[in-house]
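The values are calculated or read from the model by the stated rules, or taken from the named source; none is laboratory data. All values derive from a computational prediction rather than experimental measurement. Every residue, glycine as well, gets a Cβ built from its backbone with ideal geometry; the counts of neighbours run over all protein chains shown.
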Amino acid sequence: MTTAQSNNSKITVYVVSCWIFAAFGGLMFGYDIGISGGVSGMDDFLIKFFPNVYDRKLHAKENNYCKYDDQLLQLFTSSLYLSALVASFFASKACSALGRRPTIFMAALFFIAGAILSAASEHRWMLIVGRILFGVGVGFGNETVPLFLTEVAPIQLRGAVNIMFQLFVTIGIFIANLVNYATSTMHPNGWRWSLGLAAVPAFLLLVGCFVITDTPASLIERGKDEQGKAALKKVRGVDDVEVEYKEIIAARDEAMAVKHPFRNLMKAASVPPLVIAILLQVFQQFTGINAIMFYAPVLFQTMGFKSDGALLSAVITGLVNVGSTFVSIYAVDKVGRRKLLLQACCQMLISQLAIGSILAVNLKETGTLDRTLAAVVVVLVCTYVMSFAWSWGPLGWLIPSETFPMETRTAGFAFAVSTNMLFTSLIAQAFLTMLCKMQAYIFFFFSGWIVVMGLFVIFLLPETKGVPIDSMVDQVWKQHPVWKKLFKNE
Ligand code: BGC
């Protein structure tokens, strides 16, 4: 196996355009995460599709923690993720057989179809089918875009380039919060605008597909060696790419021997990245981040902010989320992955424990938090979101995209995407019910998980900063105290 990827690269306008256009896939995903919570809190939307929830909301004085607990309403949020879960496996096939670029193109088309149907919804079923189409778009986009970015990035900037995806996710969430803030006063069709505008990021991605090249690895994997070499020259911005080209050819020749990528995931070289990819995604969701992202407006209303104040607070957390992602872009290839994850565990743990304690003591089933305490909770939510944004958010996507060998890369990454979707939908589905049952103690539940994930990083997650993606076995897994045991017989 090869050892060193050539560092020969120049950052040209074209190279940067490729990164940015592909990253629009993150905007689609983020927009959807941010839009759902706000839409499901809008009265016009509830009256039309969920009249029971609306009734309960009107008489919600009785219980702060339970006013939005409704399985169907939660299904509205979570159905997208279930469809994305299934779609990611089809996307993995498309990604290997057709290439990264056509798969990204399909993602954009599905998403646009979802936006049109959702905005035009007259019946619940239209809404749900719209969500499913959105989901297929997200499944295809999330499977392909992080892989695309990792494969076109020069090694010394791989983390930073991949995190452009997450940066756009956070921008998408933020824009969605702003859109909801504006449309919540547009009666009775504000929610249609919120859902329909999802077509904009998808359209930008579609346009981007005409600018980006397919990745050299994907072209070479499909036997298009000359095109692969030309693409390599384009994404490196230089003509001398011989060293790296030979490395990709060697990785491809090794991968060619593999007929069944899904079965091969059980081989030593793929087991550690598979276990890590799945656990990273489970843990990413068990930080509780989406309880905040989907339901921030609802959550802030629960704490006694009025509708506007609630959306405004959600906008603040949205901005913190975007800003802190830049920290990750700056730091990930310098301080490495592990330190960011561990630092964040400490900061998230302290923030969650403090939020839980304040709410447990001060927010009962009825009544509201006083203004100062409510402001303290907003600050704590910000310190929590901040640390997620420079660690578990971006690295949940980066690490699985850079650790699989070529032969199992798309199949393995599909497990990362589908696990993310499964747990995102579980949280979306369960959070409001859990909030109702566990009340403030829900924050202690998430804190417990944060301790477990810290131990996972300490014992099972090696540092992958600066390691060429095709050299993980020799340089990482075979050197790791736990994972090296898998290679005893090789
Ligand atoms: C996660 C999403 C989350 C977002 C928040 C992403 O990495 O996968 O579930 O909502 O970060 O910024």
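Assorted remarks:
- Matching residues, the stretch 5-37, being assigned to a helix (DSSP H, G or I) and farther than 29 Å from residue 315 by Cβ: 13, 14, 15, 17, 18
- In the stretch 378-389, the residues that are within 11 Å of residue 296 (Cβ to Cβ) form Cβ pairs under 6 Å with partners that are in a helix (DSSP H, G or I) and away from the ligand (no atom under 12 Å from the Cβ), at six or more places apart or across chains, as follows: 378/313.
- Residue among 457, 417, 451 that alone is assigned to a helix (DSSP H, G or I) and out of contact with any helix residue (DSSP H, G or I) (no Cβ under 6 Å at 6 or more places or on another chain): 451
- If the condition is being more than 10 Å from the ligand (Cβ to nearest atom), under 23 Å from residue 460 (Cα atoms) and touching a Ser or Thr at 6+ places or on another chain (Cβ under 6 Å), then the stretch 373-402 contributes 390, 401, 402.
- Some residue of the stretch 185-196 being within 16 Å of the ligand (Cβ to nearest atom) and either surrounded by 24 or more Cβ atoms within 10 Å (Cβ to Cβ) or not basic (Lys, Arg) (or both): no
- Failed condition for residue 301, given (1) more than 16 Å from the ligand (Cβ to nearest atom); (2) surrounded by fewer than 22 Cβ atoms within 10 Å (Cβ to Cβ): (2)
- In the stretch 36-50, the residues that are within 16 Å of residue 301 (Cα to Cα) form Cβ pairs under 6 Å with partners that are assigned to a helix (DSSP H, G or I) and among the small types (Gly, Ala, Ser), at six or more places apart or across chains, as follows: 39/194.
- When residue 185 is tested against (1) at pLDDT 95 or above; (2) outside any helix (DSSP H, G or I), just one condition goes unmet, and that condition is (1).
- Failed item in (1) in contact with a helix residue (DSSP H, G or I) (Cβ under 9 Å, 6 or more places away or on another chain); (2) surrounded by fewer than 17 Cβ atoms within 10 Å (Cβ to Cβ), with residue 243 passing the rest: (1)
- Taking the stretch 397-443 as the range and being closer than 28 Å to residue 260 by Cβ, among the polar types (S, T, N, Q) and more than 16 Å from the chain's Cα centre (by Cα) as the test, the residues that pass are 403, 408, 410.
- Residue that is surrounded by the fewest Cβ atoms within 10 Å (Cβ to Cβ) [pool: residues in the stretch 331-358 that are more than 24 Å from residue 458 (Cβ to Cβ) and of a type outside the set (Gly, Ala, Ser)]: 358
- Residue 177 vs. criteria within 14 Å of the ligand (Cβ to nearest atom), under 18 Å from residue 400 (Cβ atoms), in a helix (DSSP H, G or I) and not charged (D, E, K, R): no
- Taking the criterion of being among the polar types (S, T, N, Q) and either farther than 20 Å from residue 147 by Cα or in contact with a Lys or Arg (Cβ under 8 Å, 6 or more places away or on another chain) (or both), the residues of the stretch 443-490 that qualify are 447, 464, 475, 479, 489.
- Extreme residue, nearest to the ligand (Cβ to nearest atom), among residues of the stretch 275-291 that are out of contact with any Ser or Thr (no Cβ under 7 Å at 6 or more places or on another chain) and closer than 18 Å to residue 74 by Cα: 289
- Long-range neighbours under 7 Å by Cβ, at least six apart or interchain, first residue more than 15 Å from residue 37 (Cα to Cα) within the stretch 426-450, second assigned to a helix (DSSP H, G or I) and of a type in the set (Phe, Trp, Tyr): 438/445; 446/286; 449/283; 449/286
- One residue alone among 81, 31 is touching a residue at least 40 places away in the same chain (Cβ under 8 Å), surrounded by 21 or more Cβ atoms within 10 Å (Cβ to Cβ) and in contact with a Pro (Cβ under 6 Å, 6 or more places away or on another chain), and that residue is 31.
- Unique match (being aromatic (Phe, Trp, Tyr) and farther than 22 Å from residue 167 by Cα) among 456, 423, 413: 456
- When 443, 431 are checked against the criterion of being over 30 Å from residue 248 (Cβ atoms), at pLDDT below 95 and in contact with a Gly (Cβ under 6 Å, 6 or more places away or on another chain), a single residue qualifies: 443.
Residues checked against (1) more than 29 Å from the chain's Cα centre (by Cα); (2) among the β-branched types (Val, Ile, Thr); (3) closer than 30 Å to residue 436 by Cα:
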site	(1), (2), (3)
217	no, no, no
222	no, no, no
235	no, yes, no
246	yes, no, no
263	no, no, no
280	no, no, yes
296	no, no, yes
300	no, no, yes
313	no, no, yes
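- Flag if residue 85 is farther than 22 Å from residue 183 by Cα, modelled with pLDDT of 95 or more, of a type in the set (A, V, I, L, M, F, W, C) and within 16 Å of the ligand (Cβ to nearest atom): yes
- Within the stretch 403-418, the set of residues being more than 16 Å from the ligand (Cβ to nearest atom) and either touching an Asp or Glu at 6+ places or on another chain (Cβ under 9 Å) or farther than 12 Å from residue 274 by Cβ (or both) comprises 405, 406, 407, 409, 410.
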